[in-house]
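Colleague: The structure's right below; bear with me while I get my questions together.
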Amino acid sequence: MSLNELRPIYRNAASIIRAKYSALPGVDKVLNSLEKRLPKEPADPRVHRDLFFEPRIDSQQLSVPLTTAETVAQQLHKFGLLRLWVRVTCPNTEDGEAGTVLETDDSDSFKQLVASSCDHCGAHHEFSWEDCETVFAVNSSLDESEQHFNYASLRSTLPQVSQNGSVPQRFDLSRCESVLNGGQRDARTTREPALIALALQANHSTLDIPPALSAWWNAWVGPLLLISAYLLLIVPIVRYCGQWIGVLVSVVVLVGLFLAIRGQVQAKLAPTVIQRTALWGGLSLATYCVAVGSTGLHINAEAGQNEPWWSKVAFGELSEPLLYSGIAVYAITLLFVFSFDFQRGWFARAKDYGAETNKSEGMTTT
């Protein structure tokens, strides 16, 4: 990837983050601030300090919640647009003395420092959280290798941000745990140097991020195919395979649909509470109507009292009103949910939000 492609890729990433975390206040401020820092040529954050992004500090400067700044930073890290850095200070530093011995985003460099003597005082240290500070920085390194977008990177949750300012190292601990995202090793049982080294290994080059609409479609394509196949095949299945098979297929489809929505839509798109309620209620009701309408399933009140309960379950003729009602409920539910996705920005095209912000500020000034 060249730096000429960095800005369009960033805008695609910003569109996804805006849509997914639309409920977090101040998302636009954080994303616009970071877009203004994107370099036009390769730059070292250790020289160009404005490339660093520290959520604890930047959230205060931008007047946004810390959770918003941390969430945006960690999502951009998953996309490869930000890299995690560590700043190590010599424990023997006196007040007013510059004791930074390392500032790096490379895991090997950090491991080498841990295993060698300190350049500042010559001693060998067992570095702890008090000596190590984590921070993010814009990824401005050139990488011409092709990096396909990993849709699994959309699976993220809100970070657990400590609000206890008297214990700043807790920020770094929770940040490293979130970056590892529950990897193969248990981060909570890993000591500080090893945990930081693992977190730095999670740095990677920038991914080829698609537009927000492509990410939305990737999450919905599975459930939509499952719904469409069920509506098309349920009547032939009942007619040629039997009504009990139709009921069984309906149950399997309903369970599979719930799992697909939970594993794809909820995990990747983070729908609102209203959307989730509509999905569960509307799709359940629609599946029930289609299943009953296609099989004529009903309770036979004339069954004997001494007969087992399942003997009261009876089948009848196909009920077109119920069948069409179920299809209508399916369509209404999906349109209702998709309208929320439209409002949140999943269907929007990436825009030059930074330019729009500058333009609006210029108009305000004049």
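The values are calculated or read from the model by the stated rules, or taken from the named source; none is laboratory data. Since this is a predicted model, take the numbers as computed values, not measurements. Using ideal geometry, Cβ is built from the backbone for each residue, glycine included, and neighbour counts are taken over all protein chains shown. Each accessible area value is taken on the protein alone, full model and side chains, heavy atoms only, with ligands, DNA and RNA left out. Shrake-Rupley method; radii C 1.70, N 1.55, O 1.52, S 1.80 Å.
Colleague: Along the Cα-to-C-beta direction of Ala348, a point sits 7 Å from the Cα; which residues of region 19-43 have their amide N less than 14 Å from that point?
Modeller: From region 19-43, the list is 19-32.
Colleague: What is the distance, in nm, between label points placed 7 Å from the Cα along the Cα-to-Cβ direction at Leu224 and at Trp280?
Modeller: 2.5
Colleague: Give me the extension gain from Arg191 to Arg170: residue separation times 0.36 nm, minus the current Cα-Cα distance, reported in nm with one decimal.
Modeller: Values: separation 21, 0.36 × 21 = 7.56 nm, distance 1.34 nm.
Net length gain for the segment: 6.2 nm.
Colleague: Determine the gain in length on full extension of the stretch Glu126-Thr272; use 0.36 nm per residue of separation and subtract their C-alpha separation, reporting nm with one decimal. Don't skip to the answer; put the middle values down first.
Modeller: Values: separation 146, 0.36 × 146 = 52.56 nm, distance 4.54 nm.
Extra length from Glu126 to Thr272 when fully extended: 48.0 nm.
Colleague: Go through Lys29/Lys268; Lys29/Lys78; Lys29/Lys111 and tell me which ones have a Cα-Cα distance over 25 Å in this structure. Walk me through the numbers before you get to the answer.
Modeller: Numbers: Lys29/Lys268 23 Å; Lys29/Lys78 20 Å; Lys29/Lys111 36 Å.
Flagged as over cut-off: Lys29/Lys111.
Colleague: Related question: Taking the Cα-to-Cβ direction at Ile332 and at His48 and moving 7 Å from each Cα, how far apart do the two end points lie in nm?
Modeller: According to this spin-label approximation, the distance is 5.5 nm.
Colleague: Could you order Arg349, Arg83, Arg46 by accessible surface area, starting with the largest, using a probe radius of 1.4 Å? Mind showing how you got there, number by number?
Modeller: Values: Arg349 195, Arg83 45, Arg46 125 Å².
If we order Arg349, Arg83, Arg46 from most to least accessible, we get Arg349, Arg46, Arg83.
Colleague: Measuring with a 1.4 Å probe in the full set of protein chains, what accessible area per residue, in whole Å², belongs to region 215-299?
Modeller: Numbers: 4060 Å² over 85 residues.
Using a 1.4 Å probe on heavy atoms only, each residue of region 215-299 averages 48 Å².
Colleague: As an exercise, use a Förster radius of 45 Å and the Cβ-Cβ distance of Val235 and His148 to find the FRET efficiency, rounded to the nearest 0.05. Don't skip to the answer; put the middle values down first.
Modeller: Numbers: r = 40 Å, r/R0 = 0.90.
Efficiency for this residue pair is about 0.65.
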